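Coordinate-derived values only; no laboratory data. Since the structure is predicted, the reported quantities are computational estimates derived from the model, not experimental observations. Don't worry about glycine lacking a Cβ; one is built from the backbone with ideal geometry, like all the others, and counts go over all protein chains shown.
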């Protein structure tokens, strides 16, 4: 049986390890072409492609435990050893294969991994069971969107 691989893995530089995200209930792979465009005096589009194949990955889980969600959410929080912009290995729907190798650390020569940031992270407290302390044991309808920065691992990422 071939080795299975997570659809999305995030590299945690604090621990120097890839964190495989649980298999999502749904996975949307989106590819964007960034265009600088305007219209001329004849109302024709005049455009220049700035970048192509900028990826966005939309992940949804029907259910995650509190521990699973917490591990994912903390990957993007500096106070928990994470970072807002992270290296991501993911299944690229345009390539039809994985982008980035989650079996080795990202580097600037052989494992050129794209850098992503998260948009809103969402959980729902619907039909949740509580533990003996009144805390939820899991979340339903969990969503995470990862957006390609256009930078590769090792390049200087500019934040305003």
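Just want the ordering: 39, 114, 5, from fewest to most Cβ atoms lying within 10 Å of their own Cβ.
Arranged by neighbour count, lowest to highest, 39, 114, 5 become 39, 5, 114.
With only alpha-carbon atoms counted, please give the Rg and Dmax of region 8-152, in Å.
18.3, 69
Over region 8-152, what is the mean sequence separation of C-alpha contacts under 8 Å (at least six apart), divided by residue count, expressed as relative contact order in percent?
Reported as a whole number, the value is 25 percent.
Stretch residue 44-residue 66 to full length: gain in nm at 0.36 nm per residue minus the Cα-Cα span?
Answer, rounded to one decimal: 2.7 nm.
For region 106-160 and region 69-96, what is the centre-to-centre distance using only Cα atoms, to the nearest Å?
Region 106-160 and region 69-96 have Cα centres spaced 5 Å from each other.
Taking other Cβ within 10 Å of each residue's Cβ, how do 158, 18 sort, fewest first?
Ordered from fewest to most neighbouring Cβ atoms within 10 Å, 158, 18 come out as 158, 18.
How large is the helix-only mean residue ellipticity at 222 nm for the chain, computed as the sum of -39500 (n - 2.57) over DSSP H runs with n ≥ 4, divided by its residue count, in deg cm²/dmol to the nearest 500?
Taking each H run of at least 4 residues, the total per residue is -1500 deg cm²/dmol.
For 25, 41, what's the fewest-to-most ordering of other Cβ within 10 Å of each Cβ?
41, 25
Let me check against my output: what whole-number percent is the relative contact order of region 64-127, with C-alpha pairs under 8 Å and at least 6 apart?
It comes to 25 percent, rounded to a whole number.
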